[in-house]
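Below is one structure, written out as structure tokens, with a few remarks after it.
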Amino acid sequence: MDKVRVGFKTIEWVKDRVRILDQTLLPESVIYKEINSPAEMREAIRLLRVRGAPLIGISGAYGAALSAYRHRMSGSVAPIRDDIRLLRRTRPTAVNLFWALERMQNILDEAGPSGELRDALLREAVLIHEEDAERCRGIGTNGFTLLDDGFTIMTHCNAGALATGGIGTALAPVYVAHSQRKRIRVFASETRPLLQGARLTAWELAQNGVDVTLIVDSARGHVLATEKVNCIIVGADRIAANGDTANKIGTYPLSVLAREHGVPFYVAAPLSTFDLTLDSGKSIPIEKRDADEIAAFGRRRIAPGDVTIFNPAFDVTPHEYISCIITEKGVLRPPLKESIADCFSTP
Ligand code: MRU
């Protein structure tokens, strides 16, 4: 199968800095922004200029490499250690960030002279990036086998190329099927409050010639009841050892709707998104974001000033609602706890 490509790069190391596609400006403007320091990288992650679990991990890794470049004269690893600690504090739910920073920390712990350290950290960050592109390809190839010509798929949030260093997770099988001339239609739910479905998924699928229809989150039940939707594919931010899966807020109710309507519910994620230290989804930390994301629409305030707002960015889908998990290593089927354990115990 030929390599499937999308027409943009989410992140790239250029000379001694990082270039990111600023996702807060999409779809109106396609603007690349230079990131010159770990502090700028932290800001980019927090503000969702770069977002999506795998891309947050890659960004964290490049943030650590930037630290080595900025502190190269000091001869001490302490400032790099501090930067890694601060990068860990940017977003709590996507485990890929902690997974990638752990790898960077390991390189630091094995550190040789400072010149070599800088190169070693950059090499590791680039490797994490390249491996992610490869993992996305694997997910695409494995997920492709679940899609027939003429399929209609529903997805939520953005688990596409914009969320990774490659062709995405949930959207990777779609891109592979599309490249093989299978006719695929996608319903994308807009994803309140930050509209990753409307701004990002609709944009990247349309850019790549995939037939996409945008709906509001509250239309999903109606669409599942009245249209033929063959399957739902979503991404993941963290998957516990029993298969419970944290993903963008609104994923859990979608899984309940899927069960009600007899539609298969697939999660697509690389192995870097699994957190086997957690027995179940109950212990996954859920990010709570700023009230203003809900209280205002663009610049216009839409809620009374004194109302209490609760803004969890993720929810947890219990493993019982998941038909299978598509990984780069294969499709994991229920009982998920056993198939996850098998997957991690075989080379
Ligand atoms: O808040 P975001 O935009 O980072 O949330 C992204 C998601 O929830 C994605 O579905 C998930 O990270 C998987 S990305 C391949």
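For the subset of segment 308-337 comprising residues that are surrounded by fewer than 19 Cβ atoms within 10 Å (Cβ to Cβ) and within 16 Å of the ligand (Cβ to nearest atom), which member is farthest from the chain's Cα centre (by Cα)? If we take residues in segment 308-337 being surrounded by fewer than 19 Cβ atoms within 10 Å (Cβ to Cβ) and within 16 Å of the ligand (Cβ to nearest atom), then Asn311 is farthest from the chain's Cα centre (by Cα).
Is it the case that Ser283 is of a type in the set (S, T, N, Q) and surrounded by fewer than 21 Cβ atoms within 10 Å (Cβ to Cβ)? Judged against the criteria, Ser283 is a match.
Looking at segment 297-307, can you tell me whether even one residue there is at pLDDT 95 or above, within 22 Å of the chain's Cα centre (by Cα) and loosely packed, with under 13 Cβ neighbours inside 10 Å? Looking for residues that are at pLDDT 95 or above, within 22 Å of the chain's Cα centre (by Cα) and loosely packed, with under 13 Cβ neighbours inside 10 Å, one finds none in segment 297-307, hence no.
Residues of segment 177-201 being surrounded by fewer than 24 Cβ atoms within 10 Å (Cβ to Cβ), more than 11 Å from the ligand (Cβ to nearest atom), part of a helix (DSSP H, G or I) and not hydroxyl-bearing (Ser, Thr, Tyr), which ones? Selection gives His178, Ala198. Each residue in segment 290-322 was checked for being in contact (Cβ under 8 Å) with a residue 60 or more places away in the chain and part of a loop (DSSP other than H, G, I, E, B), and 4 of them qualify. Of the residues Gly243, Gly235, only one is closer than 29 Å to Trp99 by Cα, under 19 Å from the mean Cα position of the chain (by Cα), surrounded by 24 or more Cβ atoms within 10 Å (Cβ to Cβ) and away from the ligand (no atom under 14 Å from the Cβ); which? Of Gly243, Gly235, the one residue that is closer than 29 Å to Trp99 by Cα, under 19 Å from the mean Cα position of the chain (by Cα), surrounded by 24 or more Cβ atoms within 10 Å (Cβ to Cβ) and away from the ligand (no atom under 14 Å from the Cβ) is Gly243. State yes or no: is Arg91 out of contact with any Cys (no Cβ under 7 Å at 6 or more places or on another chain), of a type in the set (Lys, Arg), touching a residue at least 12 places away in the same chain (Cβ under 8 Å) and closer than 25 Å to Thr273 by Cα? So Arg91 fits the description; yes. Take the conditions (1) modelled with pLDDT under 95; (2) surrounded by fewer than 17 Cβ atoms within 10 Å (Cβ to Cβ); His71 misses just one of them, which is (2).
Counting residues that are closer than 28 Å to Ser283 by Cβ, which strands (runs of 3 or more DSSP E) fully inside segment 206-257 reach at least 3?
Numbers: elements: 211-215, 231-234, 238-240, 245-248.
Strands (runs of 3 or more DSSP E) meeting the threshold: 231-234, 238-240, 245-248.
Just so you know, in segment 246-265 the residues that are in contact with a helix residue (DSSP H, G or I) (Cβ under 9 Å, 6 or more places away or on another chain) and small (Gly, Ala, Ser) include one that is farthest from the ligand (Cβ to nearest atom), and it is Ala258.
Search segment 266-289 for residues being assigned to a helix (DSSP H, G or I) and within 25 Å of Glu134 (Cα to Cα), and hand back the single one that is farthest from the ligand (Cβ to nearest atom). Once the filter is applied, the top-ranked residue is Leu271.
Would you check which residues across segment 24-63 are among the β-branched types (Val, Ile, Thr) and touching a residue at least 24 places away in the same chain (Cβ under 8 Å) and list them? Once the filter is applied, which keeps residues that are among the β-branched types (Val, Ile, Thr) and touching a residue at least 24 places away in the same chain (Cβ under 8 Å), segment 24-63 yields Thr24, Ile35, Ile45, Val50, Ile56, Ile58. For Ile215, the requirement of being of a type outside the set (D, E, K, R) and in contact (Cβ under 8 Å) with a residue 40 or more places away in the chain is not met. In this structure, does Leu147 turn out to be within 30 Å of Pro285 (Cα to Cα) and either of a type in the set (A, V, I, L, M, F, W, C) or part of a helix (DSSP H, G or I) (or both)? So Leu147 fails the test.
Taking segment 152-173 as the range and being under 24 Å from Thr226 (Cα atoms), within 13 Å of the ligand (Cβ to nearest atom) and of a type in the set (A, V, I, L, M) as the test, the residues that pass are Ala170, Leu171. When you look at Arg103, is it away from the ligand (no atom under 16 Å from the Cβ), part of a helix (DSSP H, G or I), out of contact with any Ser or Thr (no Cβ under 9 Å at 6 or more places or on another chain) and basic (Lys, Arg), yes or no? Yes. Taking the condition in contact with a strand residue (DSSP E or B) (Cβ under 7 Å, 6 or more places away or on another chain) and either at pLDDT 95 or above or not in a loop (DSSP other than H, G, I, E, B) (or both), does Arg85 pass? It is false that Arg85 is in contact with a strand residue (DSSP E or B) (Cβ under 7 Å, 6 or more places away or on another chain) and either at pLDDT 95 or above or not in a loop (DSSP other than H, G, I, E, B) (or both). Looking only at residues that are surrounded by fewer than 16 Cβ atoms within 10 Å (Cβ to Cβ) and hydrophobic (A, V, I, L, M, F, W, C) in segment 14-57, which one is nearest to Arg123 (Cα to Cα)? The qualifying residue nearest to Arg123 (Cα to Cα) is Val14.
The values are calculated or read from the model by the stated rules, or taken from the named source; none is laboratory data. Nothing here was measured: the structure is a model prediction, and the numbers come from that model. When we count neighbours, we look across all protein chains shown, and the Cβ atoms used for this are built from the backbone with ideal geometry, even at glycine.
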